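Q: My structure is below; once you've seen it, I'll send some questions.
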Amino acid sequence: MWKFSNPIKHPIPEAHWPTAEEVAGSLLFQPIRIGSLTLESRTWVPAMVPWRATEEGFVTEANLDWYRRFAQGQPGALVVEATGVRDIPSGPLLRIGHDRFIPGLKKLVETVRDASGGHTKLFIQIIDFLSVKRRPEPAKFFERFLRITWHHRHSIAELTKDSNWLGVDDARVRSFLKDAADEVIDLVLSPHELESLRFGYRERVTDMHLPHVRELPLVLPEIFADAAQRARECGFDGVELHYAHAYTMAGFLSALNTRDDGYGGPRENRVRLPLEVYQAVRERVGDDYVVGVRFLGDEVIEGGNRIDDAVYFGVEFAQAGFDFLSISKGGKFEDAQQPKVGQAVYPYTGQSGYECMPTTLSDEVGPFGRSVPLVAAIKRAVNAAGFMTPVVATGGIATFEQAERRSLIPIGS
Ligand SMILES: Cc1cc2nc3c(=O)[nH]c(=O)nc-3n(C[C@H](O)[C@H](O)[C@H](O)COP(=O)(O)O)c2cc1C
């Protein structure tokens, strides 16, 4: 995991239960309107994946236990973890990409209703992600995975000053690379190929040579709309579209998105698919259903979005009609640490991962409410544009006092 070079240990402040008087006088425990619903309080449990689903994406007893415990605390809102919108394997992550997932998710809804005595509104976060493969054994990579091209032959010919390399077969190139030193490999492989070798193959929204990536704008609106319709059928009070962290929709929003099909480049293009997905979802679930969005106040990666991008997106989302904006930070692949061979790169291991889930070993700013300035900037801009869309903050908000000072209320891990 990434660490500050001279970390400062910040003690966790002692938490106490607020008294009845404190509760009555607080903003935290006041109701708030979210679209067509009223939350009884502004306490909000954001989406957190506990990796407790079956390998096939079904709800387990362990999932029910996890959500039952949160529900017993009767938060105003509870958001179920990132749940896959497609009908594809995704390990022990919940899925909502087919009707067969409905019975299990209905049970989850009932469990939260019972455990919270009906006091908690329940949303589900829905997510799309692209393919990420495990870091390969180098020999296997060169023998099987790497697609040999003219560029490889050309680079080897230049390096060895031997033009015969231009005419050799693939097997010869593979064998050369398998035995080559790292510095040679650095010169022969493209940055994308080097990443596949050292971190594992990972798709990006900019991989326009892949038909299924090129076609994302054609297919995603309906896939998200289908998932949202199922969420409504299961009895969830609303859906949260996952446009944050390292996943497909965040990839479209990212300043690193250079797609040349009108869905990349300037901000207006990068927000286009996220808005089209929203429209498709809204048309499917109707105006009386809560549709919120989670996105990043800052990507915390080189060349990535900063707060001015987030402010622009926030206003666009509010104007489009999203019922709430939930702000996260970081959580990207671009600065993730190198995984061991056989493991997949994990987007919460770099500095952007720290900023996503700050811990007490921090810098002088400390972990508590670290993302609140971003949230405040987005909220100010949304309000200034004439919208009262609620904005949710998360990240190191650990006590009643900390939450109360910030007026919108996150309780994550
Ligand atoms: C175990 C775990 C799983 C998480 N899973 C998700 C997720 O599915 N979707 C999401 O948007 N954020 C996810 N997050 C981020 C949290 O929602 C939250 O933004 C983050 O933990 C910061 O809040 P905290 O400091 O109160 O923990 C996860 C965090 C943790 C600790």
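Q: Cβ-Cβ under 7 Å, sequence separation 6+ or interchain: first residue in region 312-334 and over 13 Å from residue 279 (Cα atoms), partner charged (D, E, K, R) and more than 16 Å from the ligand (Cβ to nearest atom). Which pairs?
A: Close Cβ pairs (under 7 Å, with a partner that is charged (D, E, K, R) and more than 16 Å from the ligand (Cβ to nearest atom)) amount to 312/267; 333/202.
Q: Is it true that some residue in region 118-125 is surrounded by fewer than 20 Cβ atoms within 10 Å (Cβ to Cβ), under 30 Å from residue 40 (Cβ atoms) and away from the ligand (no atom under 16 Å from the Cβ)?
A: yes
Q: Out of curiosity, is residue 255 within 16 Å of the ligand (Cβ to nearest atom), within 22 Å of residue 209 (Cα to Cα) and in the same structural domain as residue 391 (by TED's automatic domain parsing)?
A: Criteria not met by residue 255.
Q: Give region 124-141 a look and list any residue that's touching a residue at least 40 places away in the same chain (Cβ under 8 Å) and not in a strand (DSSP E or B), or say none.
A: 128, 129, 130, 131, 133, 134, 135, 136, 137, 138, 141
Q: Might you check whether a residue that is part of a helix (DSSP H, G or I) and either within 16 Å of the ligand (Cβ to nearest atom) or hydrophobic (A, V, I, L, M, F, W, C) (or both) occurs anywhere in region 286-299?
A: For region 286-299, residues part of a helix (DSSP H, G or I) and either within 16 Å of the ligand (Cβ to nearest atom) or hydrophobic (A, V, I, L, M, F, W, C) (or both): absent.
Q: Pick out, from region 7-123, the strands (runs of 3 or more DSSP E) lying fully within it that include 3 or more residues that are touching a residue at least 12 places away in the same chain (Cβ under 8 Å) and closer than 29 Å to residue 133 by Cβ.
A: So the answer is 77-84.
Q: On the basis of being under 18 Å from the mean Cα position of the chain (by Cα), closer than 21 Å to residue 255 by Cβ, away from the ligand (no atom under 15 Å from the Cβ) and not polar (S, T, N, Q), does residue 330 make the cut?
A: No.
Q: Test residue 64 against the criterion of being assigned by TED's automatic domain parsing to the domain that holds residue 243 and away from the ligand (no atom under 16 Å from the Cβ), and give yes or no.
A: yes
Q: Quick one: how many residues across region 74-131 are farther than 27 Å from residue 196 by Cβ, acidic (Asp, Glu) and in contact with a strand residue (DSSP E or B) (Cβ under 8 Å, 6 or more places away or on another chain)?
A: 1
Q: Can you say whether residue 175 is surrounded by 15 or more Cβ atoms within 10 Å (Cβ to Cβ) and in a helix (DSSP H, G or I), as far as the supplied structure shows?
A: Here the answer is no, as residue 175 does not meet what is asked.
Q: Still on this structure, I have one more. Only one residue in 386, 314, 366 is away from the ligand (no atom under 15 Å from the Cβ) and either out of contact with any helix residue (DSSP H, G or I) (no Cβ under 8 Å at 6 or more places or on another chain) or basic (Lys, Arg) (or both). Which one?
A: Matching residue, one of 386, 314, 366: 386.
Q: Something else: What single numbered condition from (1) among the basic types (Lys, Arg); (2) in contact with a Gly (Cβ under 8 Å, 6 or more places away or on another chain); (3) more than 23 Å from residue 221 (Cβ to Cβ) fails to hold for residue 95?
A: In the conditions (1) among the basic types (Lys, Arg); (2) in contact with a Gly (Cβ under 8 Å, 6 or more places away or on another chain); (3) more than 23 Å from residue 221 (Cβ to Cβ), residue 95 misses (3) alone.
Q: If you go through region 349-363, how many residues are more than 9 Å from the ligand (Cβ to nearest atom) and under 18 Å from the mean Cα position of the chain (by Cα)?
A: Going through region 349-363 one residue at a time, the tally reaches 7.
Q: List the helices (runs of 4 or more DSSP H) that sit entirely inside region 204-263 and contain at least 1 residues that are out of contact with any Lys or Arg (no Cβ under 6 Å at 6 or more places or on another chain) and among the acidic types (Asp, Glu).
A: Answer list for region 204-263: 216-234.
The values are calculated or read from the model by the stated rules, or taken from the named source; none is laboratory data. The structure presented is a predicted model; accordingly, all values stated were derived computationally and were not measured. When we count neighbours, we look across all protein chains shown, and the Cβ atoms used for this are built from the backbone with ideal geometry, even at glycine.
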